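K.L.:
I have a structure here, written as structure tokens, and I will follow up with some questions on it.
The values are calculated or read from the model by the stated rules, or taken from the named source; none is laboratory data. Note that the structure is a prediction, hence the values are computed from the model and not measured. Here Cβ is always computed from backbone atoms with ideal geometry, including for glycine, and neighbour counts include all displayed protein chains. Protein only, heavy atoms only, side chains kept; ligands, DNA and RNA dropped before computing areas. Shrake-Rupley method; radii C 1.70, N 1.55, O 1.52, S 1.80 Å.
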Amino acid sequence: MGRLHRCRASRNAALWGVLGTPYARFSQFVRDPATVLRYLSAMLSGREARYIGHNPAGGAMVVVLIAAMGSTALTGWLMTTDAYFGLSWVETAHSLSAHGLLVLVLFHIGGVALASFRHRENLVRAMITGRKRKAEPADIA
């Protein structure tokens, strides 16, 4: 993948988060930390609400995944520059970022599986088709 293609992909992803469909927009799924903590607490007790878009934990995970990808990309790029090539702290930071990203992806997959099970719907299919079952009165849009 060429450098120009990577830049376009990043720009398009950022634009999608601002101008995309309603449930893809950052404004829909970025929640304050207190809301995320309340949702995680409800999830641990098995009484979390069903969200039509991203739930607060999923939205927080998206933000953390973006930050981890950015950190991995930045440290990887730094390793190619004359100023930072061969520096052990840059290599360590890159390794931690990359391995941390893999752990986050596993947590994300686990969260999707848990939410799919608890709310009895296939979230992977919903991500692909853009369709979920109809909202019920207790659901949060």
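K.L.:
So, residue 100, is that one part of a helix (DSSP H, G or I), open to solvent by less than 50 Å² (accessible area, probe 1.4 Å) and free of Cβ contacts under 8 Å to residues at least 40 places away in the same chain or not?
P.N.:
yes
K.L.:
Next up: Just to verify a result, which residue in the range 105-141, among those that are hydrophobic (A, V, I, L, M, F, W, C) and in a loop (DSSP other than H, G, I, E, B), is farthest from the chain's Cα centre (by Cα)?
P.N.:
Taking the candidates together, the pick is 138.
K.L.:
On to the next question. Kindly evaluate residue 83 against the criterion of being under 26 Å from residue 40 (Cβ atoms), out of contact with any Cys (no Cβ under 6 Å at 6 or more places or on another chain) and in a loop (DSSP other than H, G, I, E, B).
P.N.:
no
K.L.:
Quick one: is residue 55 of a type outside the set (Phe, Trp, Tyr) and in contact (Cβ under 8 Å) with a residue 40 or more places away in the chain?
P.N.:
yes
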